[in-house]
Amino acid sequence: MASIDKQKALGGGEFLITESQTDQIFTPEDLSEESRMMADMTRDFVEKEVIPHVDAIDAQQEGLVPSILEKAGELGLLGTSIPEEYGGAGLDFNTNTGITMAMGPSYSFGVSWAAHTGIGTLPILYYGTEEQKQKYLPGLTSGQLKAAYCLTEPGSGSDALGAKTKAVLNDAGTHYAISGQKMWITNGGFADLFIVFAKIDGEKDKFTAFIIDANAEGVTRGEEEKKMGIKGSSTRQIFFEGVLVPKENILGEIGKGHKIAFNILNIGRFKLGAMSAGGCQMSTTKSVQYANERHQFGVPISSFGAIQHKLAEQAIRTYALETTTYRISDLVDRRVKDKQEEGLAYPEALMDAAEEYAIECAMMKVFGSEVLDFVVDETVQVHGGYGFSEEFPAARAYRDSRINRIFEGTNEINRLLTVDMLLKRAMKGQLDLMGPAMAVQKELMSIPDFGDEPTGYLAKEWKAVKQAKKAILMAAGAAAQQLMQKLEHEQELIMNLTDMAIDVYAMESMLLRTQKIMETKGEDAALPYLEMTQVFVSDGLERVHINGKHAVAAFATGDELRMMLLGIKRFTKYDVINTKELRRNIAARLIEANDYCF
């Protein structure tokens, strides 16, 4: 795998076939002072305006969430990604990632905020006419208008094009009459405008988006849903009965609603992962603080090895997620800036970037939501019986986390999409997967290299990740060759491949960040990050090995299977390390800091 031009960002999915350099990764340490200030302001907002009211928010106190959204608007936190000409701050993508991460610990309110600033507002920014932008964006940025996104229906979830909501042009040709039912609409109880998807004349190839006044005649809001978690988020069904919508409220092009729906979800998936990272930081801190405070047998429970293991693993996975978040963020940021230099306006440039890195956004959504689920589950466990009590924060975080594996396309859908998008990019010639895959198959038939093991800082870990990529290319290449069109029906196999890719991407991201810290701050400063990286690589390679075995066994038999199993074993080899001691070292730093300190 060749090293790439240091000035050139990786394309979508290219991480599988190309090695990166440390000067190609953006990390939290690289954030500008302005970016840090915006993130700090967001954290301060959450601490002062959200956390004191979480019980009232969960009880859906009338007008509370809309009023907090308006306060966020006054601080500029609803328009950080909106250009200045529409009342926003026009901040870059990396700064917005820091803000999004800082909003992560805001429980139910974060869902309302993300729905408003993301899927509620961005369709107008990206696809609206200039008149639509001028009309709606200033109010959405200030919080005077609140938005919701109406895509899902009782009979269509992941299959968005299966929607039955219908739009019919009136005889005068001035308005569309829209009728249908939408469900699971976040902010549905108080939104002022809806982004609604409907089929003109009921035809599938005329799936189109509309901007609809939420108070228009014929719009009815259902009762609030009773949910497992995110109880403070308004979630309702919305009914449309012959709602007359002026034709100038068509959003984008007729028949191109699917492009709006899917491209908006790419950014939504990334933001969900970023918010998950912020939630992980908060939840890990809660675990450490409780473990230091809680005494049993005359000592704090943080002194027990079993608890230290949990604290360390929470920190390791949080570090992995945080690192991966900023790596993907900067890819998007650089693509946006490059496209703007080529003459694209900001909205078009961001849509281009979202489409380019749709693979990474899908992986980010899966990884982020599952890391957060792990971290909050362990936070409950560290708290013991108190973790099951609503008087402590662990219970709310646990309940609220669960939705993330369903939001923005289920994790199963995103796993399937990851491989599907990789193969489509390869078929279009945008990504050379088959060349490297064939090279790996050729290598597999050769005598293994038993030369000296690499030495030096992270050398073994770098070799391990490079080899793990070969395991993915071998399994995916052979599956694509053998199954061809049938591969799309082998969902279990596809999910194995995606899980391998997610682990490899996270491992490589950690290696890049840790090495960068070492290069800029020295080995002593990098030691805790080195220890976290080593543990994650050790465990990650075992997961890659297991998923690789299951993947090849799903389609290969006989000698071919035996050969590929040997390849999986060969490509996931890593020296046994003392992960117990490494975790204890990591936990010791957390315990001393009484905080997630990385």
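Regarding region 25-39, can at least one residue be identified that is surrounded by 24 or more Cβ atoms within 10 Å (Cβ to Cβ), out of contact with any His (no Cβ under 6 Å at 6 or more places or on another chain), in a helix (DSSP H, G or I) and not assigned by TED's automatic domain parsing to the domain that holds M510? Scanning region 25-39 turns up no residue that is surrounded by 24 or more Cβ atoms within 10 Å (Cβ to Cβ), out of contact with any His (no Cβ under 6 Å at 6 or more places or on another chain), in a helix (DSSP H, G or I) and not assigned by TED's automatic domain parsing to the domain that holds M510.
Scanning region 141-197 for residues being among the small types (G, A, S), free of Cβ contacts under 8 Å to residues at least 40 places away in the same chain and touching a strand residue (DSSP E or B) at 6+ places or on another chain (Cβ under 6 Å) gives a total of 1.
Scanning region 406-441 for residues that are closer than 22 Å to G278 by Cα and either among the hydrophobic types (A, V, I, L, M, F, W, C) or crowded, with 20+ Cβ neighbours inside 10 Å (or both) yields a total of 6. Taking region 442-454 as the range and being surrounded by 12 or more Cβ atoms within 10 Å (Cβ to Cβ) and at pLDDT 85 or above as the test, only E443 passes.
Scanning region 97-118 for residues that are over 14 Å from the mean Cα position of the chain (by Cα) and within 17 Å of A354 (Cα to Cα) yields a single hit, T117. In the set (1) modelled with pLDDT of 95 or more; (2) under 21 Å from I25 (Cα atoms), E523 fails one condition alone, (1). The residue that is nearest to S302 (Cα to Cα), among those in region 354-383 that are free of Cβ contacts under 8 Å to residues at least 40 places away in the same chain and of a type outside the set (V, I, T), is D377. For A56, the criteria (1) out of contact with any Leu (no Cβ under 6 Å at 6 or more places or on another chain); (2) modelled with pLDDT of 95 or more; (3) of a type outside the set (V, I, T) hold in every case but one, which is (1). Answer yes if at least one residue in region 441-458 is small (G, A, S), over 30 Å from A554 (Cβ atoms) and either part of a loop (DSSP other than H, G, I, E, B) or out of contact with any Phe, Trp or Tyr (no Cβ under 8 Å at 6 or more places or on another chain) (or both), and no otherwise. Looking through region 441-458, at least one residue is small (G, A, S), over 30 Å from A554 (Cβ atoms) and either part of a loop (DSSP other than H, G, I, E, B) or out of contact with any Phe, Trp or Tyr (no Cβ under 8 Å at 6 or more places or on another chain) (or both).
Results for (1) aromatic (F, W, Y); (2) farther than 17 Å from F197 by Cβ; (3) under 22 Å from the mean Cα position of the chain (by Cα), shown as yes or no for each residue.
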| residue | (1), (2), (3) |
| --- | --- |
| H258 | no, no, yes |
| R269 | no, yes, yes |
| H295 | no, yes, no |
| G305 | no, yes, no |
| T325 | no, yes, yes |
| Q340 | no, yes, no |
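How many residues, within region 528-583, are more than 22 Å from A312 (Cβ to Cβ) and either surrounded by 22 or more Cβ atoms within 10 Å (Cβ to Cβ) or more than 26 Å from the chain's Cα centre (by Cα) (or both)? Number satisfying all stated conditions: 26.
Of all residues in region 576-598, those that are part of a helix (DSSP H, G or I) and among the acidic types (D, E) total 2. Residues in region 360-376 that are aliphatic (A, V, I, L, M) and farther than 14 Å from L416 by Cβ: M364, V371, L372, V375, V376. Taking the numbered list (1) assigned to a helix (DSSP H, G or I); (2) in contact (Cβ under 8 Å) with a residue 24 or more places away in the chain; (3) surrounded by fewer than 24 Cβ atoms within 10 Å (Cβ to Cβ) in turn, A274 passes all entries but (3). Filtered by the rule that a residue be part of a helix (DSSP H, G or I) and either in contact with a Leu (Cβ under 7 Å, 6 or more places away or on another chain) or not assigned by TED's automatic domain parsing to the domain that holds K466 (or both), region 544-575 gives K549, A551, V552, A553, M563, G567.
Taken together, I57, I68, I82, I99 contain a single residue that is assigned to a loop (DSSP other than H, G, I, E, B), crowded, with 20+ Cβ neighbours inside 10 Å and of a type in the set (V, I, T), which is I82. Restricting attention to region 284-315, the residues being among the aliphatic types (A, V, I, L, M) and either outside the structural domain of R584 (by TED's automatic domain parsing) or in contact with a Leu (Cβ under 9 Å, 6 or more places away or on another chain) (or both) number 5.
Condition check ((1) closer than 24 Å to S538 by Cβ; (2) over 19 Å from the mean Cα position of the chain (by Cα); (3) in the same structural domain as M363 (by TED's automatic domain parsing)) across all residues:
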| residue | (1), (2), (3) |
| --- | --- |
| E412 | no, no, yes |
| L422 | no, no, yes |
| G456 | yes, yes, yes |
| V465 | yes, yes, yes |
| A479 | no, yes, yes |
| L487 | no, yes, yes |
| E492 | no, yes, yes |
| L497 | yes, no, yes |
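For region 122-130, the count of residues that are within 26 Å of K48 (Cβ to Cβ), in the same structural domain as E47 (by TED's automatic domain parsing), at pLDDT 95 or above and assigned to a helix (DSSP H, G or I) is zero.
Candidates A209, A216, A177: the one that is crowded, with 24+ Cβ neighbours inside 10 Å and either of a type in the set (D, E, K, R) or modelled with pLDDT of 95 or more (or both) is A209.
The values are calculated or read from the model by the stated rules, or taken from the named source; none is laboratory data. Treat the numbers as computed from the prediction; the structure is a model and nothing was measured. As a convention, Cβ positions derive from the backbone with ideal geometry for all residues, glycine included, and neighbour counts pool all protein chains shown.
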